[in-house]
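What follows is a short report on a single structure.
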Amino acid sequence: MEVKKTEIEGCFELTPKVFEDERGHFFESFNQSIFERETGAKPFFVQDNQSLSTRGVMRGLHFQTGIHAQAKLVRVLDGEVLDVVVDIRPNSKSYGKIVRTILSSENRKQLFLPRGCAHGFVTLSKTAIFFYKCDNFYHKESEGGIVYNDPKLHIDWILDRNDLIISEKDKILPTLNEFVAS
């Protein structure tokens, strides 16, 4: 497994070593000891989530707050997405930084985001099955978000704004500055 640091402190892009032959392919999608050695992180994953989205569906930018914050290991099982992480930890060296990467069933990349980061993605393929492991349980009262089109973040979602399918809930989320000020 190749592990690459990103601009966000504690956020890593992981690419597995894939073994292919005439029968198909095999790869190890997660190995705790390699992960800990390469990242220094020691998550204990307690919940797996999976979603199916059609082209243009934009989910995010979401996070959990306080004691219910979650670190996540995300990947795409089928299709392709643009995955986006924003560091919202005010005391972090990488506060306000953004990581954008393409995750797909073809490149098999994964992204690990530490607690204190907002996360979202937009589906680029006809459909995409998105999978993520969380190190803390979902807690409705602790959910938070940053609006996808925060003018100070300048996130390029690749698709034309008119092609994005966004929930009403996600359209009215605060900006990063509004969230920090609250």
Subset tally (residues that are among the aromatic types (Phe, Trp, Tyr), under 23 Å from Gly56 (Cβ atoms) and crowded, with 19+ Cβ neighbours inside 10 Å) for region 105-138: 3
Qualifying residue in region 99-108 (condition: closer than 17 Å to Ile146 by Cα and among the basic types (Lys, Arg)): yes
Flag for Val99 being aliphatic (A, V, I, L, M) and within 22 Å of Pro43 (Cβ to Cβ): yes
Strands (runs of 3 or more DSSP E) within region 1-104 that include 3 or more residues crowded, with 16+ Cβ neighbours inside 10 Å: 12-15, 57-64, 72-78, 80-87, 98-104
Search result, residues across region 91-116 that are of a type in the set (S, T, N, Q) and within 17 Å of Gln70 (Cα to Cα): Ser92, Gln110
Among residues of region 118-148, those that are polar (S, T, N, Q), under 21 Å from Glu178 (Cα atoms) and part of a loop (DSSP other than H, G, I, E, B), counted: 0
Residue check for Gly79: in contact (Cβ under 8 Å) with a residue 24 or more places away in the chain and in contact with a Leu (Cβ under 9 Å, 6 or more places away or on another chain): yes
Search result, residues across region 149-182 that are part of a helix (DSSP H, G or I) and surrounded by 10 or more Cβ atoms within 10 Å (Cβ to Cβ): Arg161, Asp163, Lys169, Asp170, Lys171, Leu176, Asn177, Glu178, Phe179, Val180
Single unsatisfied condition, Leu111 versus (1) in a strand (DSSP E or B); (2) at positive phi: (2)
Yes/no for Thr54 being hydroxyl-bearing (Ser, Thr, Tyr) and under 25 Å from Leu173 (Cα atoms): yes
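Every number in this text was worked out from the coordinates using simple rules, so none of it is lab data. Here the structure is a predicted model, which means the values were calculated and not measured. Methodologically, a virtual Cβ is constructed for each residue, glycine included, from the backbone with ideal geometry; neighbour enumeration extends over all protein chains shown.
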